[in-house]
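These notes concern the structure reproduced below.
The values are calculated or read from the model by the stated rules, or taken from the named source; none is laboratory data. Because the structure is predicted, anything quoted here is derived from the model rather than measured. Here Cβ is always computed from backbone atoms with ideal geometry, including for glycine, and neighbour counts include all displayed protein chains. These area figures cover heavy atoms from the full protein model, side chains too; ligands, DNA and RNA do not enter into them. Shrake-Rupley method; radii C 1.70, N 1.55, O 1.52, S 1.80 Å.
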Amino acid sequence: MSAQRDKKFEKSLDVLYETWKLVRSETIARLGKEDAVHIINFHGNNWIDITNWILSKYNREEQMNIVFIQFIRLFKEIYWLQFIFHNANYPMVYRNLRYVLEMIAQAYYVDCKYPILSLDEQIGKIMGMEKRIYGRKLVKAVLCPILNLDEKGFKEKFQPIWDYLNKHVHPSAKQMDIVVEEDFSSLVTDSFNENLASCTV
């Protein structure tokens, strides 16, 4: 009897999320197979190649640092970005991208400052710095030295990207406008929109 109730419960969940399959089908039909799975194909395959390279070049002890641990987490994020995209939640794709950017910047920042610390100690350093350096300030502190950028260069090249991603993280009229202009109904339902989808890919 319990198994029967469980199946009935699962069926009700399938009905609740039935639109997801329809939106995914429309995404594939309208964008084509290549663009419809671009996120997992391109970024997922790059992640696999980089991970294989790291595993072949560095021993187990060297892999136990915050950058590699956070990089390992990326595959799950990429996998979910693709799923979110297929279900037409385009603002959430940008929201998650900002999270990923800050997560990797944070790991790199700590590893550069404290390269000889153990993984546990590096995590401790992150806990200590989270209220002092985060968000744009953190990303800027990481990208400027890597790309040899000054304040002006960062503002020109990366500030617009950061600002755009930020619009989707915090509740904002600008973010709502982006969606409303294209497809008002997508604020409350999961529905495919070719312009929003093409911009996201």
> Carbon and sulfur: what percent of the chain's accessible surface (1.4 Å probe)?
Replying inline: 58
> Given a cut-off of 19 Å, what percent of all Cα-Cα pairs of the range 61-116 lie beyond it?
Replying inline: 37
> Between ARG132 and ASN41, what length comes free when the chain is fully extended (0.36 nm per residue of separation minus the Cα-Cα distance, one decimal in nm)?
Replying inline: 29.1 nm
> Going by the alpha-carbon gyration tensor, a ≥ b ≥ c the square roots of its eigenvalues, is the range 4-55 rounded (a/c under 1.5) or, if a/c is not under 1.5, prolate (a/b greater than b/c) versus oblate?
Replying inline: oblate
>> Here is the link list: LYS76/LYS152; LYS21/LYS167; LYS76/LYS167; LYS131/LYS167. Which ones come out longer than 31 Å on Cα distance?
In response: LYS76/LYS152
>> Through the Karplus equation 6.51 cos²θ - 1.76 cosθ + 1.60, θ set to phi - 60°, convert the phi angles of the range 147-152 into ³J(HN,Hα) values in whole Hz; use x for Gly and Pro.
In response: 9, 6, 10, 8, 4, 5
> Which option, (i) 115; (ii) 141; (iii) 190, is the value of volume of the Cα convex hull per residue in Å³ that was calculated from these coordinates?
Replying inline: (iii)
> So who's got an amide H within less than 5 Å of the one on VAL37, skipping anything under 5 residues away but keeping other chains? H placed 1.01 Å off N, in plane.
Replying inline: none
> Say a site is exposed when it is one of the trypsin sites (Lys or Arg not before Pro), sits in a DSSP loop, and has at most 16 other Cβ atoms within 10 Å; what is then the longest site-free stretch of the chain?
Replying inline: 1-130
> Restricting attention to the alpha-carbon atoms of the range 22-136, what are Rg (one decimal) and Dmax (integer), both in Å?
Replying inline: 16.9, 51
> With Cβ to Cβ distances under 15 Å as the rule, what net charge do the other residues near ILE116 carry (K, R +1; D, E -1)?
Replying inline: -3
>> Tell me the volume per residue, in Å³, of the convex hull enclosing the alpha carbons of the range 98-153.
In response: 82
> Among the lysines, which have Cα under 16 Å from the Cα of LYS157 when same-chain residues fewer than 8 positions away are ignored?
Replying inline: LYS137, LYS140
